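Coordinate-derived values only; no laboratory data. Keep in mind that what you see is a predicted model, and the values were worked out from it rather than measured. Because the Cβ atoms are built from the backbone with ideal geometry, glycine has one as well, and the counts that use them run over all protein chains shown.
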Amino acid sequence: MTVRIQTADFDAGAEIAALRAGNPKIGAVASFVGLVRDVNEGERVSQMTLEHYPGMTEKAIEEIVAEARTRWDICDALVVHRVGALKPGDQIVLVAVAGAHRGDAFAACQFVMDYLKTRAPFWKKEHTGEGARWVEARASDEIAAGRWRSKG
């Protein structure tokens, strides 16, 4: 399991290739890449600034991945999350999960992303024509994460 918080961009293809390299047990890799949108809540977004609590954020994500490992048969997982100033179109996050079968890889990847949105300590500030504003948690993210509470 690898968890990285960084300001630099990442190459999703290279990251996924490294995740699966040399492991013949891997039959599937499911991944998700999140991007900065140029509009949120009807307003143009010129920049988003992501902040985190070093050490605490990595630990929270590691716990999410560890929980995914108890629920699904996966070989490995990778989470790369960027912080700092990002522009529309920039990559924010990569979640990749490798497993023997696609079902476990898909489910674990979705679980990690859903829990990352609700449990990892990140703070987002959007910069719009009206000024800067902190982004509140979305009810839809809590609903998405909630569906995993009854599954195992």
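The table below lists the values:
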{"quantity": "Unit charges at the beta carbon, dipole of the range 2-146: most positive-side option, Leu116, Ile74, Phe32", "calculated": "Ile74"}
{"quantity": "Ranking of Ile26, Ile143, Ile64 by count of other Cβ atoms within 10 Å, fewest first", "calculated": "Ile143, Ile26, Ile64"}
{"quantity": "Under 5 Å, built H, 5+ apart or other chain: amide partners of Val83", "calculated": "Gln6, Thr7"}
{"quantity": "Rounded to 5, the percent of DSSP beta bridges in the chain classed as antiparallel", "calculated": "85 percent"}
{"quantity": "Added length on full extension, which subtracts the Cα-Cα distance from 0.36 nm per residue, Ala100 to Ser46", "calculated": "15.3 nm"}
{"quantity": "Residues with amide H under 5 Å from that of Gln47, placed H, sequence gap 5 or more", "calculated": "His127"}
{"quantity": "Asp90 long-range amide H proximity, modeled H, under 5 Å", "calculated": "Val36"}
{"quantity": "Max mean-square fluctuation residue, GNM over the chain, Cα-Cα springs under 10 Å, options Met48, Met56, Met113", "calculated": "Met56"}
{"quantity": "Cleavage-rule hits, GluC sites (Glu not before Pro), the range 74-152, DSSP coil, Cβ neighbours within 10 Å at most 13", "calculated": "Glu130, Glu136"}
{"quantity": "Extreme residue, positive dipole direction of the chain, given options Ala132, Gly99, Val45 (C-beta unit charges)", "calculated": "Gly99"}
{"quantity": "Cross-link reach list, lysines versus Lys87, counting only Cα pairs under 17 Å and skipping chain neighbours closer than eight places", "calculated": "Lys124, Lys125"}
{"quantity": "Note, ³J(HN,Hα) from phi for the range 2-7, Karplus 6.51, -1.76, 1.60, rounded to Hz, x at Gly and Pro", "calculated": "10, 10, 10, 10, 8, 8"}
{"quantity": "Mean residue ellipticity (222 nm) of the chain, computed from DSSP H runs ≥ 4 via -39,500 (n - 2.57), nearest 500", "calculated": "-10500 deg cm²/dmol"}
{"quantity": "Residue order, fewest to most beta carbons within 10 Å, for Ser46, Ser140", "calculated": "Ser140, Ser46"}
{"quantity": "GluC sites (Glu not before Pro) lying in DSSP loop within the range 31-81, provided at most 11 other Cβ fall within 10 Å", "calculated": "Glu41"}
